[in-house]
Amino acid sequence: MILLTFNIVNIEAGCKNGSEVSDSERLKISEENTRAILRILDIHDIKATFFIEISLVEKLQNLLKAISFQGHEIAFYNQNSQPDEIENTKKITQDFLEKQIKGIRQKDNKISSQILKLMEFSYISNIDNANILFPFKRLKRDTEIIEEDGLSIVPESISPYSQLPYNDFVFQILPMKYYQNMVFETLKNDDFVLIYLNSWQFTDFARYHFDVPFYRRLNSGKKMENKLDALLSWINEKEMATSRMKDYIF
């Protein structure tokens, strides 16, 4: 099973040559990038899970409604929110979507599973930092879903052969043919492959002069759209199964 997921987050990088991009412009970029992702998913009739950064949820209600209307799952991405903010945002979101938010993803700031269980989350999908050296730092990890305090803990996927993780950076830099082979070989060994990308990777950095490392500009913007399109075309061609996170876990 392929679990395709997207983190909807504003790009945090500063700008070059003293130029500035306002918070409202950054929000607009995130929305435009997400709608590009939605168009590609719709073309290939593949459903995914969107992890929305909690501080953006109320600002992107129309976008969230569009994501949900197309049959995708809405979940939360916690960057640095406190429990009371998460709980309040969860209630507001469930009210306007009329659907339960079951999943949450965390990276640097991790709230305990006991607290998240009290908020009635059902699963946690934690991720690690991804940079140019990250793929070579950890060569072994558990790739099975476990239960903790009544929650399902979903780990990042890693190729048992290349030992590369399926994070946003690896997708961005690897040639598509190599990435496809990695997915195919991993599914021979594991029950699922969890793939995640960030909305900011779809930014046109030639248009917006963000100060990002050269290796993060590679294959970004339209090239990232093309890579995603190629991956989904291959998935359908090979008749590989895909699922939203909540459907697969429960």
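A few comments on the model shown:
- Residue in segment 184-199 that is of a type in the set (D, E, K, R) and under 19 Å from the mean Cα position of the chain (by Cα) present: no
- Residue list for segment 97-106, restricted to those being within 21 Å of S152 (Cα to Cα) and either free of Cβ contacts under 8 Å to residues at least 24 places away in the same chain or crowded, with 16+ Cβ neighbours inside 10 Å (or both): Q100, I101, K102, G103, I104, R105, Q106
- Qualifying residues in segment 185-205 (those that are in a helix (DSSP H, G or I) and touching a residue at least 24 places away in the same chain (Cβ under 8 Å)) - the one farthest from M240 (Cα to Cα): W200
- Picking from residues in segment 143-184 that are aromatic (F, W, Y) and farther than 18 Å from W234 by Cα, the one that is modelled with the lowest pLDDT is Y161.
- Scanning segment 164-179 for residues that are touching a residue at least 12 places away in the same chain (Cβ under 8 Å) and assigned to a helix (DSSP H, G or I) yields D168, F169, V170, F171, Q172, I173, M176, Y179.
Rundown of residues vs (1) part of a helix (DSSP H, G or I); (2) in contact with a His (Cβ under 7 Å, 6 or more places away or on another chain); (3) surrounded by 14 or more Cβ atoms within 10 Å (Cβ to Cβ), yes/no style:
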position: E12; (1), (2), (3): no, no, no
position: R26; (1), (2), (3): yes, no, yes
position: F50; (1), (2), (3): no, yes, yes
position: N62; (1), (2), (3): yes, no, no
position: K91; (1), (2), (3): yes, no, no
position: D95; (1), (2), (3): yes, no, no
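- When S199 is tested against (1) surrounded by fewer than 16 Cβ atoms within 10 Å (Cβ to Cβ); (2) under 20 Å from R35 (Cβ atoms); (3) at pLDDT 95 or above, exactly one condition is not met: (1).
- Cβ-Cβ under 8 Å pairs, at least 6 apart or on other chains, segment 65-92 side within 20 Å of I46 (Cα to Cα), far side surrounded by fewer than 17 Cβ atoms within 10 Å (Cβ to Cβ) and not charged (D, E, K, R): K65/F96; K65/L97; S68/L97; I74/L97
- Qualifying residue in segment 3-11 (condition: within 24 Å of K99 (Cβ to Cβ), aromatic (F, W, Y) and in contact with an Asp or Glu (Cβ under 6 Å, 6 or more places away or on another chain)): no
- Counting only helices (runs of 4 or more DSSP H) that sit wholly inside segment 206-249, those with at least 1 residues that are touching an Asp or Glu at 6+ places or on another chain (Cβ under 8 Å) and exposed (fewer than 13 other Cβ atoms within 10 Å of the Cβ) are 222-237.
- Candidates are the residues of segment 144-163 that are on the phi < 0 side of the Ramachandran plot and of a type in the set (S, T, N, Q); the one that is surrounded by the fewest Cβ atoms within 10 Å (Cβ to Cβ) is S162.
- Meets criteria (among the β-branched types (V, I, T) and touching a helix residue (DSSP H, G or I) at 6+ places or on another chain (Cβ under 7 Å)) for I43: no
- Put simply, of F192, F171, F205 the only residue that is within 12 Å of I2 (Cα to Cα) and touching a helix residue (DSSP H, G or I) at 6+ places or on another chain (Cβ under 7 Å) is F192.
- The set of residues in segment 64-85 that are part of a helix (DSSP H, G or I) and under 18 Å from the mean Cα position of the chain (by Cα) comprises L64, K65, A66, I67, S68.
- Single residue of segment 87-110 satisfying the filter (in contact with a strand residue (DSSP E or B) (Cβ under 7 Å, 6 or more places away or on another chain) and hydrophobic (A, V, I, L, M, F, W, C)) that is farthest from Y196 (Cα to Cα): L97
The values are calculated or read from the model by the stated rules, or taken from the named source; none is laboratory data. What you see is a predicted model; the values in this text were computed from it and never measured. Using ideal geometry, Cβ is built from the backbone for each residue, glycine included, and neighbour counts are taken over all protein chains shown.
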